[in-house]
Amino acid sequence: MIKPDAVQRGLVGEIIKRFEMKGFKLIAMKFFRPTQELLQQHYAERSFFPALMEYMGSGPVVSMVWEGLNIVRSGRQMMGATNPANALPGTIRGDFSIQTGRNIIHGSDAVETANKEIALWFAET
Ligand code: TYD
């Protein structure tokens, strides 16, 4: 998911391009401003951090489903470390962000988590 700060900064195309160039396949995409209710479900154990909830709900996000061999592992590598100060140059966070609280992208950390997150973010409403 491309977070609100990346949308605001005009990084949507650059981020999508990196996944496409790597060879992954985009199979679903949604552009909308998430509700606090959705964010609380997504960040269940972190939802008590008001700054995180406020940031994630501050504008539209681009939630996506990407498909391909080892997509979770490769996707996390391409994103870089949670704290951009630890994210290597060449990674998305390493190239375009400075602090954990504005780290521009979210990616599922396991296939099981991805399945849950896809069900949550792409639920029929
Ligand atoms: P986490 O799931 O640990 O990282 P990741 O996004 O790499 O899977 O944390 C979720 C988000 O919470 C993280 O992307 C940014 C935010 N966050 C903070 O704002 N401060 C913190 O100290 C941590 C650990 C996370």
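The values are calculated or read from the model by the stated rules, or taken from the named source; none is laboratory data. This is a predicted model, so every value here is computed, not measured. Every residue, glycine as well, gets a Cβ built from its backbone with ideal geometry; the counts of neighbours run over all protein chains shown.
Here are the numbers for this structure:
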| item | result |
| --- | --- |
| Contacts under 6 angstrom Cβ, first residue in the stretch 9-36 being over 23 Å from Asn115 (Cβ atoms) and assigned to a helix (DSSP H, G or I), partner at pLDDT 95 or above and not acidic (Asp, Glu), 6 or more apart | Val12/Ile2; Val12/Val62; Gln36/Gly57 |
| Subset of the stretch 39-96 (residues that are among the β-branched types (Val, Ile, Thr) and more than 10 Å from the ligand (Cβ to nearest atom)) | Val61, Val62, Val65, Ile71, Val72, Thr91, Ile92 |
| Among residues of the stretch 97-125, those that are part of a loop (DSSP other than H, G, I, E, B), among the acidic types (Asp, Glu) and within 14 Å of the ligand (Cβ to nearest atom), counted | 1 |
| Considering residues of the stretch 68-96 that are among the polar types (S, T, N, Q) and closer than 24 Å to Gly23 by Cβ only, the residue surrounded by the fewest Cβ atoms within 10 Å (Cβ to Cβ) | Asn70 |
| Output for the stretch 67-96, where each listed residue is free of Cβ contacts under 8 Å to residues at least 40 places away in the same chain, among the charged types (D, E, K, R) and in contact with a strand residue (DSSP E or B) (Cβ under 8 Å, 6 or more places away or on another chain) | Arg93, Asp95 |
| Matching residues, the stretch 37-66, being outside any loop (DSSP other than H, G, I, E, B) and without any contact (Cβ under 8 Å) to a residue 24 or more places away in the chain | Glu37, Leu39, Gln40, Ala44, Glu45, Arg46, Pro50, Met53, Glu54 |
